[in-house]
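No lab work stands behind these numbers, since they all come straight from the coordinates. Please read all numbers here as calculations on a predicted model, not as lab measurements. Here Cβ is always computed from backbone atoms with ideal geometry, including for glycine, and neighbour counts include all displayed protein chains.
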Amino acid sequence: MFEAQGRKDVLSDPSFAEYFAWEPHRSNCPDLESLLEGLICALPEEWKARARRLFAGRNLHGHANAEAWRSGEVGVIEINYGITSAAMIYSVLYYKYFEMVRTLGAEVDFVDDDEEVLMMILEEVGDSGFTPILIADGEKGSWRANRRIFAGHELLRELPASASYDAYHELVRSIEEFVLAHELAHHLLGHTSDPYPRASQNLTHFKKIKDKYGILPPDETLNPEQKDEMEADTLALLVMSGALTGEITSGRIYRAAGGSVIALTALAHIDDSWVASNEPGQTHPDFITRYANAVDLVKKISKETPVGVEGGHPVGFLAQLSGFVSLILDRWLSKNMPQHTPVNVLSLSYWLFEAAVALEAELKELGIQDSRLADP
């Protein structure tokens with residue numbers, strides 16, 4: 001791009017040296033190559049040969065889309081740059097939502113006798129989380145029309161002051177990783193057009209792992225293509241979390257949960273795919289079906305994970321993510337259901353209190369241990 005614009009001088013900056021030294025192997029992008037290498041390491045040994053014959057290609061198309069296909073002997077995973085752009089935008093939205101919730105929980109005095117002052121504070125805090133979502137909702141029409149996801153407004157690209165840039169970067173990568181893992185799953189499960197001799201053996205192992213965790217098969221009412229998409233989601237989450245090879249860690253579960261839920265939410269919001277039929281030609285299930293599958297899977301594979309030293313647990317993270325999802329989905333509900341009452345910061349606050357109580361009960365029901373109460 002810089003060469004085409006006659007700006008080779010920009011490329012003489014020493015900070016670019018490591019990129020020029022990089023040699024492509026499994027991708028045309030260093031970030032995608034490192035993610036793909038990590039996913040391959042998380043596969044059973046007998047699956048790795050197939051995965052090593054894949055090439056993950058990033059192109060500059062601006063629409064949020066990805067695809068798995070074959071080119072001769074090589075399997076291809078094609079990732080549009082729009083996926084990364086969407087990942088960056090919706091990660092910013094999540095961090096602004098998280099900051100709003102943190103402020104509501106830590107700094108707002110809900111027993112303040114001055115109701116008017118309390119409402120002013122709540123509205124100010126609420127604006128910090130609600131406004132960026134409203135802006136994204138207003139811009140997505142032009143994103144679809146131009147097939148280019150772009151953070152035109154500063155509130156779609158500026159992190160809160162308290163946010164860690166490194167953590168933000170890893171969240172963006174986790175979203176890309178879920179998309180990459182989903183397309184990798186299509187190859188591993190034999191969903192691409194080429195015959196794959198080991199696909200049946202992979203499916204047998206895949207079913208064994210699903211049975212181990214009590215993961216149900218896709219809804220029978222879905223059409224065959226939609227069932228494939230659900231299976232790809234499930235395998236992607238099992239790979240990312242380490243569950244496919246029995247190497248689960250708390251950090252990997254968090255990464256799988258955040259990457260999958262935010263990726264699915266972003267795609268549903270951009271494409272207005274909250275609702276879908278199961279008629280032939282509808283290739284993807286609706287958002288709720290895919291979201292419910294991801295939540296159910298994360299809960300099942302995190303049953304043996306104790307509550308962290310600071311009180312965190314993947315089930316709690318899912319509850320936090322559900323609030324974020326609800327605020328974005330609320331915009332669609334408000335436009336399409338006249339009887340729907342839009343969420344505001346006060347109703348969100350009540351929901352947060354109720355969710356905290358429900359979370360505590362759910363953790364007890366799942367029998368999850370609180371490591372803070374364990375003996376030294």
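Taking H as built 1.01 Å from N, whose amide H comes closer than 5 Å to the amide H of Arg70, not counting residues under 5 places away?
Val76, Ser193
Please report, in Å, the Rg and the Dmax of the range 13-81, where both are computed over Cα atoms only.
Radius of gyration, then largest Cα-Cα span, for the range 13-81: 13.5, 44 Å.
Below 8 Å, C-alpha to C-alpha, sequence gap of six or more: please give me the relative contact order for the chain in percent.
15 percent.
With +1 on each Lys and Arg Cβ and -1 on each Asp and Glu Cβ, how big is the dipole of the range 13-81 about its Cα centre, in debye rounded to the nearest 20?
300 debye
Which ordering of Trp69, Trp274 is given by a fewest-first count of other beta-carbon atoms within 10 Å?
The fewest-first ordering by Cβ neighbours comes to Trp69, Trp274.
Once amide H atoms are built 1.01 Å from N in the peptide plane, which residues 5 or more positions from Ser27, or in another chain, come under 5 Å H to H?
Ala56
Tabulate in residue order the Karplus-calculated ³J(HN,Hα) for the range 118-135, using 6.51 cos²θ - 1.76 cosθ + 1.60 with θ = phi - 60°, rounded to whole Hz; enter x for Gly and Pro.
Going residue by residue, I get 4, 5, 5, 5, 4, 5, 5, 5, x, 4, 5, x, 7, 4, x, 5, 5, 5 Hz, with x marking Gly and Pro.
Which order do the peptides 352-360, 15-23 take when ranked by the mean count of other beta-carbon atoms within 10 Å per residue, highest first?
Descending packing order for the listed peptides: 352-360, 15-23.
Assigning unit charges at the beta carbon (Lys, Arg +1; Asp, Glu -1) and nothing else, what dipole magnitude in debye, to the nearest 20, does the chain show about its Cα centre?
1620 debye
Per-residue ellipticity at 222 nm for the chain, helices alone: DSSP H runs ≥ 4 residues times -39500 (n - 2.57), over residue total, nearest 500 deg cm²/dmol?
-20000 deg cm²/dmol
How large are Rg and Dmax for the range 177-254 when only the alpha carbon atoms are used, in Å?
Here Rg and the maximum Cα pair distance are 12.4, 36 Å.
Under 27 Å between alpha carbons, and skipping anything fewer than 8 positions from Lys227 in its own chain: which lysines qualify?
Those lysines meeting the cut-off are Lys48, Lys207, Lys208, Lys210, Lys212, Lys299, Lys300, Lys303.
Taking R0 as 35 Å, what's the FRET efficiency between Arg157 and Ser273 from their Cβ-Cβ distance, rounded to 0.05?
Computed FRET efficiency for Arg157 and Ser273 comes out at 0.90.
Could you quote the convex hull projected area for the chain, Cα atoms only and averaged over all directions, in nm²?
Its average projected convex-hull area is 23.2 nm².
Select from Ile40, Gly6, Ala86 the residue farthest towards the positive end of the dipole of the chain; place +1 on Cβ of Lys and Arg, -1 on Cβ of Asp and Glu, and compute about the Cα centre.
Of the options given, the answer is Ile40.
Let me have the relative contact order for the range 13-81, percent, based on Cα pairs under 8 Å that are six or more residues apart.
26 percent
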